[in-house]
Each structure stands twice: as structure tokens, then as C-alpha cells.
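The values are calculated or read from the model by the stated rules, or taken from the named source; none is laboratory data. Owing to the predicted nature of the structure, the values given are computational and were not obtained by experimental measurement. When we count neighbours, we look across all protein chains shown, and the Cβ atoms used for this are built from the backbone with ideal geometry, even at glycine. Only protein heavy atoms, including side chains, enter the accessible area calculation; ligands, DNA and RNA are left aside. Shrake-Rupley method; radii C 1.70, N 1.55, O 1.52, S 1.80 Å.
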Amino acid sequence: MRSRALFVVNPQAGRLQPGAIATVQAILAQRYDLTTIDCRVIPAERLPKLIADQAPSYECVLALGGDGTISVVASGLVHTGIPLGVLPGGSTNHFARLIGMPGALDAAAHALIRPTRVRYLDTGQVNNRVLIYLGGIGIDALIVRDAPQRVKKVLAWLGYIPPGIRHLQSASWQLTITVDGQQFHSRARTALVANGGFLVHPRFRVGQGICPDDGLLDLCLYAPENLWHWFTLVCWMMLGKIHRSRYVRQFRGREITVVAHPPAPVEVDGDFIGFQPLSVRVCPHSLAVLVPASTQ
């Protein structure tokens with residue numbers, strides 16, 4: 001049976017090729033009657049409210065873009081129960097991978113016209129937006145800020161390597177951290193608040209036992225002191241055992257705040273949002289997502 005779907009598209013996302021959007025629309029039209037919203041004509045700060053207002057008239061919302069786009073769209077859908085379908089169009093597409101969507105855009109579109117089921121995931125509330133996958137304060141935010149869009153469009157996640165190498169030796173920050181009301185201090189080069197557990201590939205884990213529907217957030221502190229320490233840390237990550245690194249500490253809780261001294265850059269789901277504290281509160285099972293019926 002055909003369904004009415006709101007289709008939110010970011011044509012400037014990641015590695016979208018000419019004609020890709022039209023191809024996806026043609027595939028989706030086999031199952032859905034689409035009403036399209038082009039992100040280029042709607043300011044990002046207005047998009048969540050627009051989606052929240054319009055989504056109740058549709059059976060689902062389908063979003064084509066990278067993690068940042070998906071996060072903004074999700075901001076308008078939390079606590080509504082209206083399912084979100086994800087079409088990977090970004091440089092890394094962490095969230096699409098997390099929920100088991102195919103990596104190829106046309107394959108993901110075909111997955112959404114085949115049998116699907118609804119899965120309920122946690123989100124994090126960050127100021128006036130939603131965190132669906134990962135937020136960070138420190139070097140990772142510098143890398144996100146400085147990765148050129150034109151390079152990412154060609155090289156995808158490899159576009160993050162040049163700024164990554166450039167910032168590996170950036171100074172560490174003194175952090176004041178609060179996890180569920182318990183405060184402590186630590187020094188680190190970056191701190192990640194994670195709802196999803198990997199970078200680039202599911203094998204490259206950012207921490208241990210991170211789960212997107214356990215009602216908890218994970219805080220991972222990275223404190224390598226030199227390039228050799230970074231090398232060993234990355235090796236453990238590539239082995240899927242980053243918790244074995246002596247330069248990583250992990251905490252878990254429902255509400256996490258990280259304040260850096262001096263102020264450090266912050267990113268949420270791949271979007272640089274400035275220099276400010278990173279404060280995230282978990283919203284358990286608050287986002288309904290469409291996943292292939294065959295996924296676990």
C-alpha cells in the first residue's frame with residue numbers, strides 16, 4: 001500500500017552526484033506519495049519546527065543527507081512517534097550505518113520501499129537541537145570545522161585526515177565534567193559524548209559497549225600526550241578494542257556536561273556549533289526510525 005511521506009533533501013550534502021536525487025525520488029515513488037522540502041531554501045534553525053508542524057500529516061518522514069542533516073530533521077520528530085527513514089548522502093553516514101541502512105544511496109532507497117519495521121532509539125538533548133549519534137568538544141570539533149566541504153565531496157571521510165593530522169598536536173584542555181550530578185576534573189585533547197559507538201566503520205569503536213537504545217550516554221575522554229600515543233590509540237581503535245588504550249577513559253550516564261578551560265570548540269553530529277560547554281541529556285527511546293525488516 002502507498003504511504004504519504006515528507007521527503008527532506010539536502011542537495012549540498014556530502015558526495016551527492018548529479019541526478020542522484022531524481023533517481024532516489026523515482027525509486028521512493030514506487031511506495032510513497034512524496035512532498036519534498038529542499039534544505040537550501042529553509043534556514044537550518046527553522047527546519048525542526050517546520051517538520052514538527054507538517055509531519056503529523058504524513059505517515060513517515062524520509063531524509064536524504066549526512067549526519068548533520070539527519071540530526072536537524074530528527075530534532076523535529078523526537079517524542080512524536082512518526083518514523084524517520086534515512087537515506088545516506090553525507091561523507092560518513094554514521095547514523096545510517098548504525099541503523100543498518102545500505103551504504104549505497106540507491107540501495108538504501110530500495111530498502112525503504114521493501115518491508116521495514118520501526119525501531120526506537122535514544123537521542124540526546126543539546127541546547128535547542130538533538131544529538132542522534134555523537135557530539136564532541138576539543139580536537140574532533142577542530143577537525144570537523146576545518147575539513148573543506150569541497151574535499152569531503154570528493155574524498156568522503158578521507159577529507160577529515162588532513163585537518164586531523166594538523167590538529168593532533170593541538171593543546172589539551174582542562175575539563176570540568178559532570179555525569180549524573182557527580183563532578184570531577186580531567187585533562188584531555190578531546191571528549192566525545194556518544195550515542196553511537198564507531199567512527200567511519202563499525203569496526204573502529206570509540207568506546208566499549210555503547211548502545212543507542214539503552215537509555216544512557218557514554219563519555220569517552222582521549223588524552224594522548226604525543227604522536228606516538230595517538231598512534232597506539234588509533235591502532236587499538238582499528239582493532240575494535242580502544243578500551244585497552246591507557247589514554248582513554250569512559251563514563252556512562254543520563255546527563256553529561258563538559259566545560260573546557262579555556263573554552264573549546266564543539267561539534268554535534270558533524271556540525272561545528274562554536275565554542276561553548278557541551279551539555280547533553282538523554283531522551284530514552286524518543287526517536288522512531290525505519291529500518292529494514294531483516295535487521296536485528
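Miscellaneous remarks
- Note on E225 and R166: the extension gain reaches 19.7 nm, defined as 0.36 nm multiplied by sequence separation minus the Cα-Cα distance.
- Amide H within-cut-off set for Q174, under 5 Å, with H built and near neighbours excluded: H261
- Sequence-separation-based contact order of the range 39-192, relative, with Cα cut under 8 Å and 6+ spacing, percent: 16
- In sequence order, the range 272-283 has phi-based couplings of 6, 10, x, 9, 6, x, 10, 10, 10, 10, 6, 10 Hz under the Karplus curve 6.51 cos²θ - 1.76 cosθ + 1.60, θ = phi - 60°, and Gly or Pro positions carry x.
- Extension gain (nm, one decimal) between L50 and D33, 0.36 nm per residue minus Cα-Cα: 4.2 nm
- Largest accessible area first, the residues M238, M101 order themselves as M238, M101 under a 1.4 Å probe with ligands, DNA and RNA left out.
- Based on protein heavy atoms only, the chain ends up with 44 Å² per residue of surface accessible to a 1.4 Å probe.
- Whole-angstrom gap from the range 11-29 to the range 168-208, using each part's C-alpha centre: 35
- Backbone HN-Hα couplings from phi across the range 134-140 [Karplus 6.51/-1.76/1.60, Hz, Gly and Pro as x]: 7, x, x, 10, x, 4, 4
- Helical mean residue ellipticity (222 nm; -39500 (n - 2.57) per DSSP H run of 4+; nearest 500) of the chain: -7000 deg cm²/dmol
- Restricting the range 1-92 to trypsin sites (Lys or Arg not before Pro) in coil, as DSSP defines it, with at most 11 other Cβ within 10 Å: R2, R46
- The range 195-250: trypsin sites (Lys or Arg not before Pro) in DSSP coil with no more than 13 other Cβ atoms inside 10 Å: K241, R246
- Antiparallel DSSP beta bridges within the chain, percent to nearest 5: 75
- Prolate/oblate/rounded label for the range 1-65 (Cα gyration tensor, a/c 1.5): oblate
- Charge-dipole axis of the range 159-221 as Lys and Arg at +1 and Asp and Glu at -1 on Cβ define it, positive-most pick from A171, I210, N195: A171
- Surface composition of the range 109-263: carbon and sulfur make up 58 percent of the accessible area, probe 1.4 Å.
- Rg/Rh for the range 20-171, where both radii come from Cα atoms and Rh is the Kirkwood radius: 0.98
- Inverse of mean 1/r across different Cα pairs in the chain, Kirkwood, Å: 19.4
- In percent, rounded to a whole number, the relative contact order of the chain is 22, using alpha-carbon pairs under 8 Å and six or more apart.
- Added length on full extension, which subtracts the Cα-Cα distance from 0.36 nm per residue, C235 to N128: 34.9 nm
- A probe of 1.4 angstrom, applied to the heavy atoms of all protein chains, finds V248 with accessible area near 20 square angstrom.
- The range 1-52, relative contact order [Cα under 8 Å, separation at least 6], %: 54
- Around the amide H of G240, modelled in the peptide plane, lie the amide H atoms of R205, all under 5 Å away and 5 or more residues distant in sequence or on another chain.
- Using θ = phi - 60° in the Karplus curve 6.51 cos²θ - 1.76 cosθ + 1.60, the 3J(HN,Hα) couplings for the range 32-39 round to 10, 8, 9, 10, 9, 10, 8, 5 Hz; x is entered for Gly and Pro.
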